[in-house]
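Report on the following structure.
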Amino acid sequence: MCDDCGCGDTELVPVDVHEHILADNDARAAHLREHFIEAGVLAINLMGSPGSGKTAVLEATARLAGHHLRLGAVSGDLATDRDARRLSAAGITARAITTGSACHLDARMVHDALHGMPWRDLDVFFIENVGNLVCPAIYDLGQAANVVALSVTEGEDKPLKYPVMFHHADLVLLTKTDLIPHLDVDVRAIKDALAHVMPEPRLIELSARTGAGIAAWLAWLEAHRPVRSSAA
Ligand SMILES: Nc1nc2c(ncn2[C@@H]2O[C@H](COP(=O)(O)OP(=O)(O)OP(=O)(O)O)[C@@H](O)[C@H]2O)c(=O)[nH]1
Ligand SMILES: [Mg+2]
């Protein structure tokens, strides 16, 4: 599926080659992180399954905070710029990253996308990763925090089945909570599963559709914004 990381296939990409790819990525990500910190931009790596509601959360974020926070985003997909167009329509400065066959974003892709963006002027820069609960977790993009969108329709056991993603998460957004009355889903079971795989479980329940929980998500973003230096 993925020509870059081989999705763990050691015949496709030998272990030593994969380690070299990750080391190269880590160096580029460190460079990006320095720039984000120096400019006072909060960079968030937003990950989650395909369709978990990542773009919808960003649209809802812009609806509530677009007038007082300068928001920017890149959105990664194998094909199309549909998400970037949705984000632009919501008032977010956005660019698409089309990866072709790669099932994750890497630091070089993000770096290249930034060249055409006024990213230094942003308060929050979202990196909407390719919909995938596996590979994106191991690629550092220079972000300050990893956020995982997990929708109530995905099943309570996803944190247990995809532990690496949740182990690396600083925050989980439990999305589409407006659908709970229509589903056989036990939110306590999701929290129990997260407690097994997240060192410090942090969960915000929200609905992009109704706006419930978006204020708590904004408060989390505000609390994690870096102090902007006067030189930035
Ligand atoms: N009921 C309900 N539906 C939602 C909500 N958020 C997203 N959806 C729906 O879920 C579907 C996927 O939402 P997206 O925001 O495109 O999800 P995504 O994670 O960005 O998808 P990819 O980028 O393709 O991985 C769409 O049909 C949305 O309308 C929500 O809060 N409530
Ligand atoms: Mg999307």
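The values are calculated or read from the model by the stated rules, or taken from the named source; none is laboratory data. Values in this document were obtained by computation on a predicted structure and should not be read as measured data. Neighbour counts run over all protein chains shown; Cβ positions are idealised from the backbone, glycine included. Please note that ligands, DNA and RNA were not included when accessible areas were found on the heavy atoms of the full protein model with its side chains. Shrake-Rupley method; radii C 1.70, N 1.55, O 1.52, S 1.80 Å.
Looking at the range 66-77, which of the residues that are modelled with pLDDT of 95 or more and surrounded by fewer than 20 Cβ atoms within 10 Å (Cβ to Cβ) is nearest to ligand 1 (Cβ to nearest atom)?
L69
Is it the case that the range 50-69 has a residue that's closer than 27 Å to D26 by Cβ, away from ligand 2 (no atom under 14 Å from the Cβ) and not in a helix (DSSP H, G or I)?
No - not one qualifying residue is present in the range 50-69.
Give me the residue from the range 112-150 that is within 18 Å of A94 (Cβ to Cβ) and of a type in the set (F, W, Y) and, out of that set, nearest to ligand 1 (Cβ to nearest atom).
Top of the filtered list is F126.
With respect to A169, is the statement that it is surrounded by fewer than 15 Cβ atoms within 10 Å (Cβ to Cβ) and either at pLDDT 95 or above or not in a helix (DSSP H, G or I) (or both) true?
Here the answer is no, as A169 does not meet what is asked.
Is there any pair with a first residue in the range 156-168 that is free of Cβ contacts under 8 Å to residues at least 60 places away in the same chain and a second that is of a type in the set (F, W, Y) whose Cβ atoms are under 6 Å apart and which are 6 or more apart or on different chains, and what are they?
Within 6 Å, the pairs are P159/F166.
From the list K191, K176, which residue is in contact with a strand residue (DSSP E or B) (Cβ under 7 Å, 6 or more places away or on another chain), of a type in the set (D, E, K, R) and under 25 Å from A43 (Cα atoms)?
None of the other options fit; the residue is K176.
Do we find that T153 is open to solvent by less than 10 Å² (accessible area, probe 1.4 Å), over 19 Å from V74 (Cβ atoms), within 16 Å of ligand 1 (Cβ to nearest atom) and polar (S, T, N, Q) in this structure?
No: the conditions fail for T153.
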